[in-house]
Protein chains: 2
Amino acid sequence: MDIKEKLKVDVSDVSGEVPYSLEDYKPMLNEFKIDLMEPLLSKIRNPHPLYSRGVVIGQRDFGQIIDAMNGGKPFSVLTGANPSGRLHFGNKLFLDQALWFQKQGADVFIPVSNEETYVFKKAQSIEQSTRTALSMVIPNIIAMGFDPKKTHIFISTQTPKIYELAMLLSTKVTVSTINAIFGFNASTPPGQVFYGVVQMAHILLPQLKEFGGPKPVVVPIGIDQDPYMRLARDVAERAHMVKPSSTYHKFMHGLRGGKMSGSMPESCVYMDDDEEAARMKLGKAKTGGAGTVDEQRKNGGNPDVCNVFEYYNFHVAKDNEHAKQVWQECRSGKRTCGDCKAECVELLQAWLKEHNENVEKARNKMDKFLNLE
Amino acid sequence: MDIKEKLKVDVSDVSGEVPYSLEDYKPMLNEFKIDLMEPLLSKIRNPHPLYSRGVVIGQRDFGQIIDAMNGGKPFSVLTGANPSGRLHFGNKLFLDQALWFQKQGADVFIPVSNEETYVFKKAQSIEQSTRTALSMVIPNIIAMGFDPKKTHIFISTQTPKIYELAMLLSTKVTVSTINAIFGFNASTPPGQVFYGVVQMAHILLPQLKEFGGPKPVVVPIGIDQDPYMRLARDVAERAHMVKPSSTYHKFMHGLRGGKMSGSMPESCVYMDDDEEAARMKLGKAKTGGAGTVDEQRKNGGNPDVCNVFEYYNFHVAKDNEHAKQVWQECRSGKRTCGDCKAECVELLQAWLKEHNENVEKARNKMDKFLNLE
């Protein structure tokens with residue numbers, strides 16, 4: 001069974017077994033012709049922990065972004081948000097990277113795709129998604145600490161220039177190309193086909209004249225969303241824009257195994273969870289620990305397949321040294337799952353407390369971030 | 001050769017021989033299952049001259065509009081404008097009808113499709129179409145005398161609710177339905193397919209909650225645009241809206257024969273032509289006159305195939321009596337083409353003079369009409 005079957009990669013759904021190790025990701029990266037990040041790591045100044053801790057594993061054309069960062073040239077970072085519900089720590093990974101790129105000089109573009117859930121699943125109306133965007137998603141994004149002067153948050157259907165750019169770009173592709181890439185057919189609603197082009201518009205938006213024209217843009221994106229990148233790069237070339245770069249990081253696991261999902265509260269910590277929720281969720285998390293405490297003291301645990309260690313390594317470790325220490329203490333048997341969870345919960349709670357305060361403050365700052373024309 | 005071959009009816013192009021008589025239109029109306037207007041005429045109070053002079057010949061579901069007009073119930077009229085260039089007297093026919101419906105109680109909706117020309121022909125950019133809309137098309141529309149309180153002019157790409165409604169409606173149809181109706185295939189750009197849905201959104205816009213919810217809407221539309229109406233009626237039903245009604249009028253002929261076209265200045269009088277242009281264009285117009293003046297005095301001319309009489313009958317006759325008089329004087333040989341053109345030019349020039357003054361005044365009133373959110 002190949003990796004694609006193990007982790008069914010589809011543009012609208014990811015299910016199945018989620019890998020932990022880079023080795024297990026490699027067949028998937030190869031299949032999508034995604035290059036490894038590792039050979040470029042030494043060129044990145046002040047790398048974000050997600051780079052130095054082996055979470056960001058893949059890239060396409062990331063050299064031009066390193067050149068822009070190191071050369072102080074204009075570039076942008078783009079990461080979308082689907083306001084189908086609350087943001088979780090899997091979503092936070094994208095925002096962490098966007099924030100880091102902003103600190104390296106990038107303008108940040110965040111299209112909020114309030115039509116996506118309706119068009120693909122009819123699970124909620126566009127109005128409901130818009131309300132969710134305004135009441136939860138956007139305040140949580142702003143609370144991460146983005147600079148309003150260098151951040152553009154767009155509500156997709158309320159941003160005429162997105163539809164306009166999509167119409168422009170739609171002349172660069174055919175329906176059959178979209179169908180082939182996304183597995184659509186003649187009975188697909190035209191909105192789904194056109195949404196493929198709208199996503200192109202999201203990705204190429206930073207290169208419009210009003211934002212300074214063609215420039216390198218990096219898109220941290222899920223491996224399962226890669227078809228959009230491949231299409232965007234083709235279309236960019238035809239539209240005389242710079243082909244966008246992309247980075248790919250490991251998926252987070254659901255706390256109890258499988259994939260993390262925003263629609264399964266027990267599988268994830270939400271960015272606006274309260275401290276008690278975090279304690280309960282981590283308490284029940286699947287770990288890489290041995291069967292008994294005695295066994296673990298003797299043989300050690302396996303942090304490489306531990307969903308709690310992911311929270312340290314991807315999110316709350318104080319620094320790289322701390323992440324390494326947690327890993328080593330687990331491996332050597334010095335650290336038990338109970339103690340380890342308790343420390344993780346404490347760090348998580350501190351983050352959540354501060355973040356939730358920032359979310360409340362962010363509610364008054366929304367106008368500064370929203371490009372509503 | 002059937003009428004469809006004679007007048008190639010296609011959603012994006014009409015060419016070939018244009019009929020003059022209702023009899024010659026009937027096969028086309030039948031083919032599209034468009035009903036005749038004639039049986040309903042007696043129920044219309046204060047009919048517009050285009051009704052009483054036999055120019056509006058077809059309708060679909062117009063009974064509900066007559067009921068709304070006669071019963072003082074809410075209804076709307078919708079007519080689109082494509083800002084690919086200057087408006088001509090063929091376009092004026094739609095505006096005349098919309099204005100009359102407004103006087104019968106309708107709210108008027110005018111979507112200005114600034115993406116259409118780009119998406120279908122790449123003949124001009126969306127920006128260029130937008131400029132044309134703002135500098136020429138919309139001032140000319142306003143100058144017709146619409147009531148700003150009951151008129152909504154939308155620039156399509158700048159109106160988020162159109163894209164949003166299109167996304168909603170796109171879940172009610174499939175790409176293959178759109179392809180079948182418009183003759184698209186797999187190599188069609190997705191923007192063209194989606195534009196089919198955008199047109200649905202234009203047509204169903206008056207039935208949104210913010211405009212008072214579901215209600216009868218009448219769309220005066222070209223016979224060649226009928227596929228949009230049939231699709232809109234199907235979609236309306238699935239979206240729990242009222243199926244829109246439509247009316248169909250005779251095409252105007254090009255002044256020198258064939259079809260009138262905005263891209264052939266000699267074929268049409270533009271709504272903002274100056275008086276001298278009108279004189280020159282009418283002077284060279286193809287008429288139904290006999291070979292010589294003597295012959296015409298003796299046998300009479302044929303106003304039923306005269307492109308100058310169309311200007312009287314469709315536009316500038318002072319009243320129905322005057323239109324009838326012109327027809328009879330031509331038919332009897334009392335009126336020669338030279339005299340007839342001179343009178344027509346005089347009436348046209350008076351209209352153009354007043355209209356052009358109104359266009360200048362309209363430039364300061366645009367904000368009252370534009371629904372820019």
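The values are calculated or read from the model by the stated rules, or taken from the named source; none is laboratory data. These figures come from a predicted structure and were not determined experimentally. Here the Cβ positions follow ideal geometry from the backbone for every residue, glycine too, while neighbour counts run over all protein chains shown.
Here A:Gly213 fulfils each of the conditions (1) under 28 Å from B:Gly196 (Cβ atoms); (2) without any contact (Cβ under 8 Å) to a residue 60 or more places away in the chain; (3) surrounded by fewer than 23 Cβ atoms within 10 Å (Cβ to Cβ) apart from (1). If we keep just the residues of segment A:276-285 that are buried (at least 16 other Cβ atoms within 10 Å of the Cβ) and of a type outside the set (A, V, I, L, M, F, W, C), which is nearest to A:Asn91 (Cα to Cα)? Restricting to residues being buried (at least 16 other Cβ atoms within 10 Å of the Cβ) and of a type outside the set (A, V, I, L, M, F, W, C), the top hit is A:Lys281.
Across segment B:98-128, the number of residues qualifying as buried (at least 22 other Cβ atoms within 10 Å of the Cβ) and of a type in the set (S, T, N, Q) comes to 2.
Given the criteria more than 11 Å from chain B (Cβ to nearest Cβ), farther than 27 Å from B:Gly183 by Cβ and not aromatic (Phe, Trp, Tyr), does A:Gly183 qualify? In short, no. Looking at B:Ser42, B:Ser12, B:Ser21, just one residue is exposed (fewer than 14 other Cβ atoms within 10 Å of the Cβ) and at pLDDT below 90, and that residue is B:Ser12.
Can you tell me which residue within segment B:58-84, out of those that are of a type outside the set (A, V, I, L, M, F, W, C) and in contact with a Leu (Cβ under 8 Å, 6 or more places away or on another chain), is surrounded by the fewest Cβ atoms within 10 Å (Cβ to Cβ)? Residue satisfying both the conditions and the ranking: B:Gly63. Just name the residue that is farthest from the other protein chains (Cβ to nearest Cβ) out of those in segment B:199-214 that are in contact with a helix residue (DSSP H, G or I) (Cβ under 6 Å, 6 or more places away or on another chain) and more than 28 Å from B:Lys250 (Cβ to Cβ). Among them, the one singled out is B:Pro214. Considering the conditions (1) within 21 Å of B:Phe89 (Cα to Cα); (2) at pLDDT below 95; (3) out of contact with any Gly (no Cβ under 9 Å at 6 or more places or on another chain), B:Met366 is excluded by exactly one of them, (1). With the structure loaded, tell me whether A:Leu282 is hydrophobic (A, V, I, L, M, F, W, C), outside any helix (DSSP H, G or I) and more than 21 Å from A:Ile66 (Cα to Cα) or whether it fails that test. Judged against the criteria, A:Leu282 is not a match. Quick check on B:Leu255: is it in contact with a Lys or Arg (Cβ under 6 Å, 6 or more places away or on another chain) and in contact (Cβ under 8 Å) with a residue 60 or more places away in the chain? So B:Leu255 does not fit the description; no.
Residue-level analysis places B:Glu275 among those that are farther than 11 Å from B:Cys337 by Cβ and modelled with pLDDT under 95. Exactly one residue out of A:Ile181, A:Ile203, A:Ile223 is buried (at least 24 other Cβ atoms within 10 Å of the Cβ) and not basic (Lys, Arg): that is A:Ile203. Of all residues in segment A:225-243, those being under 18 Å from A:Met28 (Cβ atoms) and either out of contact with any Lys or Arg (no Cβ under 9 Å at 6 or more places or on another chain) or assigned to a strand (DSSP E or B) (or both) number 3. The residues listed here are A:Asn30, A:Asn70, A:Asn82; of these, the one that is modelled with pLDDT under 95, over 30 Å from A:Ser135 (Cβ atoms) and of a type in the set (S, T, N, Q) is A:Asn30. The residue list B:Ala232, B:Ala239 contains one member that is surrounded by fewer than 21 Cβ atoms within 10 Å (Cβ to Cβ), more than 12 Å from chain A (Cβ to nearest Cβ) and in contact with a Leu (Cβ under 7 Å, 6 or more places away or on another chain), which is B:Ala239.
Pairs are defined by a Cβ separation below 7 Å, a sequence spacing of at least 6 or placement on different chains, a first member in segment B:178-196 that is over 17 Å from B:Asp234 (Cβ atoms), and a second member that is in a loop (DSSP other than H, G, I, E, B) and polar (S, T, N, Q); the pairs so defined are B:Ala186/A:Thr174; B:Ser187/A:Thr174; B:Thr188/A:Thr174; B:Pro189/A:Thr174. Scan segment A:189-198 and give yes if some residue there is more than 26 Å from the chain's Cα centre (by Cα), at the interface with chain B (Cβ under 8 Å from one of its Cβ atoms), surrounded by fewer than 20 Cβ atoms within 10 Å (Cβ to Cβ) and at pLDDT below 95, otherwise no. Within segment A:189-198 (the criterion being more than 26 Å from the chain's Cα centre (by Cα), at the interface with chain B (Cβ under 8 Å from one of its Cβ atoms), surrounded by fewer than 20 Cβ atoms within 10 Å (Cβ to Cβ) and at pLDDT below 95), the answer is no, since none of the residues qualifies.
This table checks each residue for (1) among the acidic types (Asp, Glu); (2) out of contact with any Phe, Trp or Tyr (no Cβ under 6 Å at 6 or more places or on another chain); (3) modelled with pLDDT of 95 or more; (4) closer than 18 Å to B:Ile178 by Cα.
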site: B:Leu208; (1), (2), (3), (4): no, yes, yes, no
site: B:Pro220; (1), (2), (3), (4): no, no, yes, no
site: B:Asp226; (1), (2), (3), (4): yes, no, no, yes
site: B:Ala236; (1), (2), (3), (4): no, yes, yes, yes
site: B:Ala239; (1), (2), (3), (4): no, yes, no, yes
site: B:Val242; (1), (2), (3), (4): no, yes, yes, no
site: B:Ser246; (1), (2), (3), (4): no, yes, yes, no
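If you go through segment A:156-178 one residue at a time, do you hit one that is of a type in the set (Asp, Glu) and away from chain B (no Cβ under 14 Å)? No, the conditions are met nowhere in segment A:156-178.
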